[in-house]
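J.: Pasting a structure below so you can have a look.
The values are calculated or read from the model by the stated rules, or taken from the named source; none is laboratory data. Given the structure is predicted, the values throughout are model-derived calculations rather than measurements. Because the Cβ atoms are built from the backbone with ideal geometry, glycine has one as well, and the counts that use them run over all protein chains shown. Side chains are part of the model used for accessible areas, which takes the heavy atoms of the whole protein and leaves out ligands, DNA and RNA. Shrake-Rupley method; radii C 1.70, N 1.55, O 1.52, S 1.80 Å.
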Amino acid sequence: MTIFRFRHLCDAGIRNPQRVTTGMEWDKSIKNGLAGFFTKVELAIVLVVSGFAAVHAESLLLTGGTVHTITGETLSPGQVLIQDAKIAAVGKEVAANGAREIDLAGQHLYPGIISLDCVLGLIEIEAVRATADAVEVGDYAPDVESWIAINPDSELLPVARANGIGYFEPVPTGGIVSGQSGLLAMSGWTAEAMTIKKPIALHLFWPGMELNTTPPEKVTGKTKPKSLEEQAKERRAKLHSTIEFFEEAAAYAKAREAGDKGGMRTPERVPAWEAMLPYVRRELPIVVHADELRQIKAAITWAGTNQYKIILAGARDAWKIPELLASKKIPVIYEHTFTQPSKDTEPYDVHFTAPQVLHKAGVEVSFGIGLKAFDAPTVRNLPYAAAQALAFGLPEQEALNGLTLYPARLAGVADRLGSIEPGKEATLFSADGNVLDIRTNVKHLWVAGKEVGLESRHTRLYDKYKNRPKP
């Protein structure tokens, strides 16, 4: 039995205990369906793993803490019953039904935070090329799938997990259409086991609209200076190429549909065009990465013309057109809370107040960290982006929504994640204070009903040097 097969089976039981209703049923299914595939030794190992999974899917009653349900009232104190990896009941008093009680007195209970639009798991150390796998070659690579490239053993995952991050969306970068992303859990042995939904979006990096007006004689470096006319020509070419790419993808989708109905010959399958099908058919959203105002306006016009469902990511200048975004019902993943103003004429707090400006106009604002290489280790700071917006006018409930419920909606998993409600997955964390307070420490994290350790490289180094011998 290969290590891969063993780990895959472990993950099947531990990560998805709801699939294993009882050890006896899984035992029966294995004996009936897989007896010819596994040896007796392998079968014995698998049955042990199934029992291990059942143990870790125990029923729990979280009691005594302040429960932030997100979609309903905050219960102080409240109780949450977890059964079969799901939330079974929420209320001020819930029947234990034999569940093991965990006292959270003095703590706050939240749904797991969802980090959208990040490079966590794709980049470990920026300066070590072998650990960086976020950038793809070529301008158009829609068939790239980010979730298969993540490193499940990354030291950055436990660091983010220790601050309440329960799920994350690794995003491929490079080029214009860089690929597709999935949603992954912060727990699992393999990338396959960690992935809970794939794909969730296509990523389009809108071509830049700015022109470099630096005089040629002042341009430094090896880059050859280009005239304004040359830059404008390149910009038009990139925009035309982008629009043409989506038109060709739409034509392929129509040809496929006609071929399936028998009206004409089915075109030869092309992986890139196959990957585009759910997006040109408006089944899944397109995440448009744009910061500058002209980029954002051009993307909105293009999406409206083609009736594409888009999500605006980055969104540095989105605060300038909040009414337009609200009227088009375009949600925003705002990633510039701590970015310096882009112009010296803008106030120092322009990006601190931007989420409130957007919210006031009716735009749903989720928070993100960004896609730069050094943004990977700072995903743990995601709650503080929302906290800064809170300090500059954003209502507290909206700040929490931007970390939990709104990201779940954008990822298409709001029926499973994003709030503490019966029937949803039991991915929760408790902290010794308000999660929007930087002084708060996370004490427990449960992913799909299973408690996950909060140890990380940070805590290991802290313990190591705290206990070093005195000279």
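J.: Within the stretch 221-253, can you find the residues that are hydrophobic (A, V, I, L, M, F, W, C) and modelled with pLDDT of 85 or more? I'd like the intermediate steps shown before the answer.
T.: Initially, the stretch 221-253 is screened for residues hydrophobic (A, V, I, L, M, F, W, C), giving 228, 232, 237, 239, 243, 245-246, 249-251, 253.
Ala232, Ala237, Leu239, Ile243, Phe245, Phe246, Ala249, Ala250, Ala251, Ala253 - these are the residues of the stretch 221-253 that are hydrophobic (A, V, I, L, M, F, W, C) and modelled with pLDDT of 85 or more.
J.: Another question about this same structure. Hey, which of the helices (runs of 4 or more DSSP H) in the stretch 359-471, taking only ones fully inside, have at least 1 residues that are within 16 Å of the chain's Cα centre (by Cα)?
T.: Filter on the stretch 359-471 gives 382-391, 396-401, 405-410.
J.: Kindly provide the set of residues from the stretch 205-220 that are at pLDDT below 80 and under 30 Å from Ile243 (Cα atoms), ordered by number. Write out each step before concluding.
T.: The first filter runs over the stretch 205-220 and keeps only residues at pLDDT below 80, leaving 211-220.
Hits for the stretch 205-220 are Leu211, Asn212, Thr213, Thr214.
J.: Another one. Six or more apart or on different chains, Cβ under 7 Å: which pairs go from a residue in the stretch 443-464 that's closer than 21 Å to His108 by Cβ to one that's polar (S, T, N, Q) and modelled with pLDDT of 95 or more? Could you list them?
T.: From residues that are closer than 21 Å to His108 by Cβ, the pairs are Lys443/Gln107; Lys443/Ser430; His444/Ser430; Trp446/Thr427; Val447/Thr427; Ala448/Thr427.
J.: Checking Lys238 against (1) touching a helix residue (DSSP H, G or I) at 6+ places or on another chain (Cβ under 7 Å); (2) under 28 Å from Glu145 (Cβ atoms); (3) open to solvent by 60 Å² or more (accessible area, probe 1.4 Å), only one condition comes out false. Which one?
T.: Going through (1) touching a helix residue (DSSP H, G or I) at 6+ places or on another chain (Cβ under 7 Å); (2) under 28 Å from Glu145 (Cβ atoms); (3) open to solvent by 60 Å² or more (accessible area, probe 1.4 Å) one by one, Lys238 breaks only (1).
J.: Among the residues of the stretch 88-147, which ones are free of Cβ contacts under 8 Å to residues at least 24 places away in the same chain, closer than 20 Å to Ser59 by Cα and not in a loop (DSSP other than H, G, I, E, B)?
T.: Step one: of the stretch 88-147, the residues free of Cβ contacts under 8 Å to residues at least 24 places away in the same chain are 91-93, 95, 125, 127-131, 133.
Next, only the ones that are closer than 20 Å to Ser59 by Cα stay: 91-93, 95.
Residue satisfying the conditions is Gly91 alone.
J.: State the number of residues belonging to the stretch 102-155 that are touching a Gly at 6+ places or on another chain (Cβ under 6 Å), of a type in the set (A, V, I, L, M) and either open to solvent by less than 50 Å² (accessible area, probe 1.4 Å) or closer than 30 Å to Gln83 by Cα (or both).
T.: Qualifying residue count, the stretch 102-155: 8.
J.: Still on this structure, please answer the following. Name the single residue, out of those in the stretch 60-77 being assigned to a loop (DSSP other than H, G, I, E, B) and touching a residue at least 40 places away in the same chain (Cβ under 8 Å), that is nearest to the chain's Cα centre (by Cα).
T.: Among those that are assigned to a loop (DSSP other than H, G, I, E, B) and touching a residue at least 40 places away in the same chain (Cβ under 8 Å), it is Ile70.
J.: Looking only at residues that are over 13 Å from Leu202 (Cα atoms) and open to solvent by 70 Å² or more (accessible area, probe 1.4 Å) in the stretch 264-288, which one is modelled with the lowest pLDDT? Walk me through it before giving the result.
T.: From the stretch 264-288, those over 13 Å from Leu202 (Cα atoms) are 264-271; that's our starting set.
With open to solvent by 70 Å² or more (accessible area, probe 1.4 Å) added as a condition, the list becomes 264-265, 268-269, 271.
Values: Met264: 70, Arg265: 75, Glu268: 85, Arg269: 89, Pro271: 93.
Step by step, filter the stretch 264-288, then rank; the result is Met264.
J.: Report yes if Val119 is β-branched (Val, Ile, Thr) and farther than 22 Å from Glu335 by Cα, otherwise no.
T.: Working: β-branched (Val, Ile, Thr): yes; farther than 22 Å from Glu335 by Cα: no.
Here the answer is no, as Val119 does not meet what is asked.
J.: Looking at the stretch 428-436, is at least one residue closer than 14 Å to Met186 by Cβ, touching a Phe, Trp or Tyr at 6+ places or on another chain (Cβ under 7 Å) and touching a residue at least 40 places away in the same chain (Cβ under 8 Å)?
T.: Initially, the stretch 428-436 is screened for residues closer than 14 Å to Met186 by Cβ, giving 428-429.
Filter again for touching a Phe, Trp or Tyr at 6+ places or on another chain (Cβ under 7 Å), leaving 428-429.
Now narrow it down to the ones that are touching a residue at least 40 places away in the same chain (Cβ under 8 Å): 428-429.
Yes - at least one qualifying residue is present in the stretch 428-436.
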